[in-house]
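Student: Encoded as structure tokens, here's the structure I'll be asking about.
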Amino acid sequence: MVTITQVSDGLTKQKALKDCILGAIDIGTNSIHMVVVQINAQIPSFSIIAKEKDTVRLGDRHLETGNLTEEAINRSLAALKRCKHLAESLKADQIIAVATSATREAPNGQEFLRRIETELGIFVDLISGQEEARRIYLGVLSGMDFGGKVHAMIDIGGGSTEIVLGDSKEARFLSSTKIGAVRLTQDFIHSDPLNDQEFIALQAYIRGMLERPVEEFKNALNEGEKPIFVGTSGTAETIALIHYTQHQQVEPLTLNGYQIPLKDIEAILNQLITMNYAQRATLAGMSERRAEIIIAGVIILVEAMKMLNIQYLTICERALREGVIVDWMLQHGYIEDRLAFQGEVRPRNIYKIAHKYQVDLPHAEKIADFALNIFDSIKNQLHFWGDIEREYLWSATILHNSGLYISHSAHHKHSYYLIRNAELLGFSEIEIELIAQIARYHRKSKPKRKHETYACLSDHHRRMIKQLSAILRLAIALDRRQIGAIKSLECKYDNEYRQLHLHLTPTQPNDDCALELWNLDYKKPIFEQEFQVKVLTTLHKP
């Protein structure tokens, strides 16, 4: 339990925050999504326990009245009942739900929400398009670190498309436009494969609908700014899966941070419009229900990127339902500053995984201090890595012993597996691989070409892993007894004799640190071989 202090009208009061389990439901035009999360009040962060999705096509409304059909309502109620049972089985403390475009626009939308509350006991917040955009933005901020750079995002839903522009201070522009994959498929696509006339009509309609938000988006940009452009939800994720499998022949462990050029998205669109439904449904990464509406969604994406003059799309796996969680955390005091929260996405998620696998954090942080000290001391002398590689080293150091959660035997290999398959938000797939590899080689064998996951990396990445893991080995030796025996470390490199001097100061004056010194001698050959230096150690008594 964490206690925070709130100040209001000059009065100070204590508010106790507890870890809790929360279910968040997004009732969309195409699908109903739920995520169940464990909220850690201490970090603060949340870990996803379970996900549920059901394609209910709530947007298949009555053509004359615009009402939600009884069939769609019944499908939705059945899906929501399953969501509720799952959340309750996971002992969720609360279920929060929002409804968007289809319910918002239907004349009988409020009646639908009353039925949900009466029959299932779930209160649903009917949010506006602007509010939907804001919460999608919060969801993305919880999963990506933009490093203070200007960023934009697009979320193509079944009934609407949200476009957001933000920076390190604020959301500059939020928009919601009534174009979505389900809505446009119903209104414009009546042939299979899509014929030229329908394609031209659909393309022209999308451009017309996007004209105003695109103009306002551009007006919110400062001269010379080129935002990182992020895509969320079904259309973007499906395109990413298709692209990845076409280029790599396998599905990725995570799509977070995966980047696709506009020209490749256009090539996929050209491929899709020549195919009929049955052919589209056979594509790797394509579900049968997504195959019905994918063309309209991709045309929206392509036209938006062209009109905004954006050349690359970066995928984020978090969206509205995660934004609902973040909004709840903001409202209940778990997060005080959403921008500070966003700026710490990467380190916060490293700590979240460390907490999950019961890492000894004081020990890990002590080693991380030593590792970064060595890294900084020999930078531009023995290596030329920068801030991003420094972050990889810190991340790997904090998590290098996570494999102990499984077993001490071969725990370095267990650490690799756990990191590789962890929900490390804010990092791309290759970054997670690099962090996992650095951690994996903190002991036992040094990196070798016969190790399959290492061998398939580029020369640049293999060199990085070899050098950073060698630094990590030295740092680990400096806290061999895990009691903080070494108070401080000073590194000095002698270029003439190619010697690295480690000057150590013990925490206790009478401690000879014999085990640390022995372990340094045992661990240093790999470092010496990698950097072509001699490591010399001196213990200074205070």
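The values are calculated or read from the model by the stated rules, or taken from the named source; none is laboratory data. Small disclaimer: the values here were computed from a predicted structure and weren't measured. Here the Cβ is made from the backbone with ideal geometry for all residues, glycine too, and neighbour counts use every protein chain on show. To get the accessible areas, we keep the full protein, side chains included, count just its heavy atoms, and leave off ligands, DNA and RNA. Shrake-Rupley method; radii C 1.70, N 1.55, O 1.52, S 1.80 Å.
Student: State all residues of region 506-536 that are surrounded by 14 or more Cβ atoms within 10 Å (Cβ to Cβ) and of a type in the set (Val, Ile, Thr); if no residue qualifies, say none.
Tutor: Those that are surrounded by 14 or more Cβ atoms within 10 Å (Cβ to Cβ) and of a type in the set (Val, Ile, Thr): 526, 533, 535.
Student: Within region 414-446, work out how many residues are open to solvent by 20 Å² or more (accessible area, probe 1.4 Å) and over 24 Å from the mean Cα position of the chain (by Cα).
Tutor: Total satisfying the criteria: 4.
Student: With the checklist (1) at pLDDT 95 or above; (2) in contact with a helix residue (DSSP H, G or I) (Cβ under 9 Å, 6 or more places away or on another chain) in hand, flag the one item residue 197 doesn't pass.
Tutor: (2)
Student: List pairs: first residue in region 41-56 and assigned to a loop (DSSP other than H, G, I, E, B), second residue open to solvent by less than 40 Å² (accessible area, probe 1.4 Å) and not aliphatic (A, V, I, L, M) anywhere in the structure, Cβ distance under 7 angstrom, at least six positions apart or on different chains.
Tutor: 41/334; 43/348; 43/352; 44/334; 56/31; 56/76
Student: Looking at (1) in contact (Cβ under 8 Å) with a residue 40 or more places away in the chain; (2) within 30 Å of residue 219 (Cα to Cα), find the lone condition where residue 269 falls short.
Tutor: Going through (1) in contact (Cβ under 8 Å) with a residue 40 or more places away in the chain; (2) within 30 Å of residue 219 (Cα to Cα) one by one, residue 269 breaks only (1).
Student: Taking region 473-505 only, how many residues are surrounded by 19 or more Cβ atoms within 10 Å (Cβ to Cβ) and more than 17 Å from residue 521 (Cβ to Cβ)?
Tutor: Within region 473-505, residues that are surrounded by 19 or more Cβ atoms within 10 Å (Cβ to Cβ) and more than 17 Å from residue 521 (Cβ to Cβ) number 0.
Student: Right, another one. Read through the list (1) among the acidic types (Asp, Glu); (2) open to solvent by less than 50 Å² (accessible area, probe 1.4 Å); (3) more than 17 Å from residue 325 (Cβ to Cβ), then give the number of the only condition that residue 26 fails.
Tutor: Every condition holds for residue 26 apart from (3).
Student: Please verify whether residue 111 is part of a helix (DSSP H, G or I) and under 22 Å from the mean Cα position of the chain (by Cα), treating the condition exactly as stated.
Tutor: no
Student: Still on this model: Free of Cβ contacts under 8 Å to residues at least 24 places away in the same chain and part of a loop (DSSP other than H, G, I, E, B) - does that describe any residue in region 466-478?
Tutor: No, every residue in region 466-478 fails to be free of Cβ contacts under 8 Å to residues at least 24 places away in the same chain and part of a loop (DSSP other than H, G, I, E, B).
Student: Being among the hydrophobic types (A, V, I, L, M, F, W, C), assigned to a loop (DSSP other than H, G, I, E, B), open to solvent by less than 80 Å² (accessible area, probe 1.4 Å) and in contact with a helix residue (DSSP H, G or I) (Cβ under 8 Å, 6 or more places away or on another chain) narrows it down to one residue among 116, 122, 73, 96; which is it?
Tutor: After ruling out the rest, the residue left standing is 122.
Student: Among the residues of region 347-370, write down those that are open to solvent by 20 Å² or more (accessible area, probe 1.4 Å) and either among the charged types (D, E, K, R) or farther than 13 Å from residue 405 by Cβ (or both).
Tutor: 347, 351, 356, 360, 361, 362, 365, 366, 369
Student: Now a separate question. Based on what the data block shows, is residue 284 of a type in the set (Gly, Ala, Ser) and part of a helix (DSSP H, G or I)?
Tutor: When the stated conditions are applied, residue 284 does not pass them.
Student: Please state which one of 326, 302 is part of a helix (DSSP H, G or I), touching a Gly at 6+ places or on another chain (Cβ under 7 Å) and over 30 Å from residue 484 (Cα atoms).
Tutor: Values: 302 fails: touching a Gly at 6+ places or on another chain (Cβ under 7 Å).
Answer to the check: 326.
Student: Out of (1) in contact (Cβ under 8 Å) with a residue 24 or more places away in the chain; (2) surrounded by fewer than 20 Cβ atoms within 10 Å (Cβ to Cβ); (3) within 21 Å of residue 265 (Cα to Cα), the odd one out for residue 239 is which?
Tutor: (2)
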